1. Can you give the charge dipole size of the chain about its Cα centre, rounded to the nearest 20 debye, using +1 on the beta carbon of Lys and Arg and -1 on the beta carbon of Asp and Glu?
2. From the residues 67, 150, 125, which one has its Cα farthest along the dipole of region 17-158 in the positive direction, the dipole being from +1 and -1 charges on Cβ of Lys/Arg and Asp/Glu about the Cα centre?
3. 7 Å from Cα along Cα→Cβ at both residue 168 and residue 143: what's the point-to-point distance in nm?
4. Counting other beta carbons within 10 Å of each Cβ, put 133, 52 in order, fewest first.
5. Residues of region 77-101 with backbone nitrogen within less than 17 Å of a virtual label 7 Å along the Cα-to-Cβ line of residue 59, please, listed as ranges.
6. Identify which of 101, 64, 40 has the largest mean-square fluctuation in a Gaussian network model of the chain, with springs joining Cα atoms closer than 10 Å.
7. Among bridges DSSP assigns within the chain, what percent are antiparallel (round to 5)?
8. Over region 69-219, how many percent of alpha carbon pairs lie in each 10 Å bin up to the one with the longest distance?
Amino acid sequence: MQTSTRSLALLVVCGGVFVGMPRLLAEAGSSPKPEAAVARLAEGNHRFVAGTPSHPDQNAERRRETAEGQHPFAVVLTCADSRLSPEIIFDQGLGDLFVVRNAGNLADDHVLGSIEYAVEHLHAPLVVVLGHTKCGAVAAAVAGGEAPGHIRSIVEDLADAVSMAKKKPGDPVDHAVRINAKLTAAAIGASAPILAEAVKAGHVQVVAARYDITTGTVEFLQ
Ligand SMILES: [Zn+2]
């Protein structure tokens, strides 16, 4: 009861989505497959890296179309770092990506709730957890020491990735970026009941990726 009340509240808060639900449900079968969503992101990133972006879905017609409802084909959980913007690096536009961000691309309850909304109500078939090179949050966690204020909670949540990274030879920050993205993706995919069930049913795939802020390349991690 409590969950359905919260869901209804969220639909109302997100304005217009509730009245659009019949259309969303009718179109649920037309959501792209997770693999097709990955391919669309990879193609957009190739255009961005090559310096030949097509800037799709960024005109007035798309604005009018998306005002009627949203059908994002991917959720992107990424860092708040100003040097990466999902719509730019994947060469996408309005209504294409459901973006959730925080320093260190971590999955707390607010993040999980946001992703659940995108998967359950908007039928997004793909969740990408996107870490990036030279991440300040991860670097601070690797450096250790006392983090001030609320930054401490970010550093604490990165601790597992950092400790695993320090056992590997090479750059501990880059290892931690990769491990953190994978751990966060695993946590999202195992999040009961909504996301775990959606993954089990094959409705959504959760993948980890790493953005190189120097080259612009997104690498999907195995
Ligand atoms: Zn970062």
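Taken together, the values in this text are just the output of simple stated rules run on the coordinates, not laboratory data. Given the structure is predicted, the values throughout are model-derived calculations rather than measurements. No Cβ is skipped: glycine too gets one built from the backbone with ideal geometry, and neighbour counts run over all protein chains shown.
1. Here the size comes out at about 240 debye.
2. Of the candidates, 67 comes out farthest on the positive side.
3. Calculated label separation equals 2.2 nm.
4. Exposure proxy ranking, most exposed first: 52, 133.
5. What the label zone holds, given the 17 Å backbone N cut-off, is 92-96.
6. 64
7. Values: 4 of 20 bridges.
Of all bridge pairs located within the chain, approximately 20 percent are antiparallel.
8. Final binned percentages: 12, 42, 34, 12, 1.
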